[in-house]
Every structure is written in C-alpha cells, then in structure tokens.
Amino acid sequence: MNLPVAPPAFDATTGPRGRRRVDRGADIAAGCGLVLLELIALAVIFGLWFLSGFDLDPEKTVTTDPLWGYLVAAGGVGVLAIAAAVTAAWVDAVVTVATQAVMAILILMIFLGGGEAQSHQDRFCHDVPSAAGCKGSD
C-alpha cells in the first residue's frame, strides 16, 4: 500500500541565509568580555600618557607627552571594536553588536575630544612657547 508523503517542512537552517543565532549566554559573555578588555586597554594607554608627566626628581620640570600617539593607539582599539561588531553582526550576536557599537562611539568621542584638546595645546604653545606646560618653558 502506498501512503501519501507530506512535503518537507520549511527548514530555516538551509538556503542562502542558513546561519543560526549564537547562544544568548555566549553573546552576553562575549559582549561583556570585549568591553572589559577594551576598557583595560584604554586605561593602560591613557595611564601611560598620564605617567609620562611624572618624575621623582624634584629639580626637574616635566611636561606630559603630546597626546597624538596615544590617540592613535586608542583609535586602534576603536577599529578593533568596529571589527568585533561587524563579526558579531555576521553571526547575529545582538548584544555584542550593541556593546561594541557603544564602545566604538565612546572611543570616537575620546579620539575627537583628545585631538581637539591637543590641537588647542599645540596652538597655545606655538603662540606662547614659554607658557607652563609647553616644552619650551623648561
């Protein structure tokens, strides 16, 4: 006896968009872990800049290094955040995409604000080279 065979049910794991969503717990863990690592990297970068203005010799006047190199390093962390967001979007990790987008925006704001502050300091030291905080004032 020949019984009728039902057509196959729709299978969302096949076809052109056959990717499956990442596990929500792994998504949250990845997002939080990346944010933590990026914040540690930013703390180290700007901590090194902050420590460049310290010297234990009381006879010496020390000024901090220009911020430009440290901003480039922070920009590198921002590029990594964007790359992580794109990769997370590829596997539908919504939480990681959101956290990395927030970190990328935060790093962009730090980058633009720091660039503006250093540019202002450079113009000020160009106009008044003997001012406090300028390299020519030593």
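Odds and ends about this structure:
- Residue list for region 40-94, restricted to those being of a type outside the set (A, V, I, L, M) and touching a helix residue (DSSP H, G or I) at 6+ places or on another chain (Cβ under 7 Å): PHE46, TRP49, THR63, THR64, ASP65, PRO66, TRP68, TYR70, GLY75, GLY78
- Screening PHE54 on (1) within 28 Å of GLU116 (Cα to Cα); (2) assigned to a helix (DSSP H, G or I) shows it passes everything except condition (2).
- Residue within region 69-82 that is over 18 Å from ILE45 (Cα atoms) and surrounded by 15 or more Cβ atoms within 10 Å (Cβ to Cβ) present: yes
- Candidate set: region 44-60, residues that are aliphatic (A, V, I, L, M), under 14 Å from TYR70 (Cα atoms) and open to solvent by 70 Å² or more (accessible area, probe 1.4 Å); chosen: the one nearest to the chain's Cα centre (by Cα): VAL44
Yes/no matrix, rows are residues, columns are (1) assigned to a helix (DSSP H, G or I); (2) touching a residue at least 24 places away in the same chain (Cβ under 8 Å); (3) in contact with a His (Cβ under 8 Å, 6 or more places away or on another chain); (4) hydrophobic (A, V, I, L, M, F, W, C):
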| residue | (1), (2), (3), (4) |
| --- | --- |
| LYS60 | no, no, no, no |
| GLY76 | yes, no, no, no |
| ALA85 | yes, no, no, yes |
| ASP92 | no, yes, no, no |
| LEU106 | yes, no, no, yes |
| GLN118 | yes, yes, no, no |
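The values are calculated or read from the model by the stated rules, or taken from the named source; none is laboratory data. Since this is a predicted model, take the numbers as computed values, not measurements. Don't worry about glycine lacking a Cβ; one is built from the backbone with ideal geometry, like all the others, and counts go over all protein chains shown. Heads up: the accessible areas ignore ligands, DNA and RNA and are worked out on the full protein's heavy atoms, side chains in. Shrake-Rupley method; radii C 1.70, N 1.55, O 1.52, S 1.80 Å.
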